[in-house]
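What follows is a short report on a single structure.
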Amino acid sequence: MTAALIVAFRRPSNLSQLIQSCLENGIERIYVHLDAPTSLLSQVETRACFRVAQSFQDRNPETIKIRRSDQNLGTAAAVINACNWVFENEEYSIILEDDCLPSDQFFDFVRDTRQFVTTSPRIFAASGTQLAPSSLTQENLSLSAYLMIWGWATSRDKWQRMFSELMNMNLETLERGSLDIAEFAYWRSGARRALQGIVDAWDIPLMLNFRINNRLVVLPNCNLITNIGSDHVAINTDSRSKFTQMPLGTYKGFTSVPSSNDALDEWIKRAVFGISWRHLLSTKLTHLYDCLVGFRSKRGPLLARLHTVHQ
């Protein structure tokens, strides 16, 4: 394992912990992406993040690279821009946001699963997040249809395909493939809101493409990432989420190649995302509400922001 990307904003203590963890686990190149502040308070915290990163860089000049955005991109555009940056330079990389704290064994898991991501045309990532009960995860690695982005890794070619699909996404002409109509409605509605900037989320449009193209992700049999995103900085998680602060398990490697786990996927679909037939109606009501209130994103549509960054 050679590279890791850390996307940071206002959590200097977490950033310090993440960089130290990467160094202790043999990561040879660490990319730190810092979004610009939006307020006086966030200015103080983002400056603190830069000082943390710079302090580590002073001691490890060949290992740590820092990029500071000159404008606030928001979570979605910041993560996507950061991933583009790291894959300009790396063939394979870990991606960690600053609310996701990995165990040491997460790095072993990423090393073990790299071979599957780089050789299989359907496997697009490996994720260290495992939220399901042990009765469903068995003793080995699983292949899942759901991309879990709390601590994950992918290759340059797989990321470039995901990014290209995102930039060319047309929800009006998108076909649902083998997805049932309720799940297609769920992801399509979420992608619409993310693309319009109503929600500041980058993973939902990627998940839509992930699902309709029947892609897979390798998951461990136990959880290797703790998401602590219930603090004052969090925008998409809070203290009420039963999946934040999840305990870490013990990864012991694998004994056979990962295989699909239909029971696990059904659990993720229902328990994590809450997808059901009610979304045939609720997504239409959400769309109607967005139209009636005339919602306008302060940041603007996601793809427009990304085009601006790449100009």
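The values are calculated or read from the model by the stated rules, or taken from the named source; none is laboratory data. Everything numeric here is computed off the predicted structure, so don't read it as measured data. Note that we place each Cβ from the backbone using ideal geometry, even for glycine, and neighbour counts take in every protein chain shown.
Residues in the stretch 1-54 that are modelled with pLDDT of 95 or more, within 20 Å of the chain's Cα centre (by Cα) and of a type in the set (D, E, K, R): Arg29 alone.
Taken over the stretch 89-99, the criterion of being in contact with a helix residue (DSSP H, G or I) (Cβ under 8 Å, 6 or more places away or on another chain), over 16 Å from Pro220 (Cα atoms) and not hydroxyl-bearing (Ser, Thr, Tyr) is satisfied by Glu90, Glu91, Ile95, Leu96, Glu97, Asp98, Asp99. When Pro61 is tested against the conditions (1) surrounded by fewer than 17 Cβ atoms within 10 Å (Cβ to Cβ); (2) assigned to a helix (DSSP H, G or I), the lone failure is (2).
Listed here are the residues, each with its yes/no results for (1) in contact (Cβ under 8 Å) with a residue 60 or more places away in the chain; (2) among the acidic types (Asp, Glu); (3) in contact with a Gly (Cβ under 6 Å, 6 or more places away or on another chain); (4) under 21 Å from Gly26 (Cβ atoms).
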| residue | (1), (2), (3), (4) |
| --- | --- |
| Glu91 | yes, yes, no, yes |
| Ile95 | yes, no, no, yes |
| Cys100 | yes, no, yes, yes |
| Phe106 | yes, no, yes, yes |
| Arg122 | yes, no, no, no |
| Gly128 | yes, no, yes, yes |
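Criterion applied to Arg156, Arg111 was being under 13 Å from Ala4 (Cα atoms) and either of a type in the set (Ser, Thr, Tyr) or over 18 Å from the mean Cα position of the chain (by Cα) (or both), and the one residue passing it is Arg111. Just one of (1) under 30 Å from Leu292 (Cα atoms); (2) surrounded by fewer than 22 Cβ atoms within 10 Å (Cβ to Cβ); (3) aliphatic (A, V, I, L, M) fails for Met207. It is (2). Return yes or no: is Lys252 surrounded by 11 or more Cβ atoms within 10 Å (Cβ to Cβ) and outside any helix (DSSP H, G or I)? So Lys252 fits the description; yes. The helices (runs of 4 or more DSSP H) found wholly in the stretch 149-222 and carrying at least 2 residues that are more than 30 Å from Phe109 (Cα to Cα) occupy 181-196. Screening the stretch 283-303 for residues that are modelled with pLDDT of 70 or more and under 10 Å from Gln196 (Cβ atoms) and picking the one that is surrounded by the most Cβ atoms within 10 Å (Cβ to Cβ) gives Leu302. In summary, Leu136 fulfils each of the numbered conditions (1) among the aliphatic types (A, V, I, L, M); (2) surrounded by fewer than 21 Cβ atoms within 10 Å (Cβ to Cβ); (3) modelled with pLDDT of 95 or more with the single exception of condition (3).
Pairs are defined by a Cβ separation below 7 Å, a sequence spacing of at least 6 or placement on different chains, a first member in the stretch 71-84 that is part of a loop (DSSP other than H, G, I, E, B), and a second member that is aliphatic (A, V, I, L, M); the pairs so defined are Gln71/Ala36; Asn72/Ala36; Leu73/Val309.
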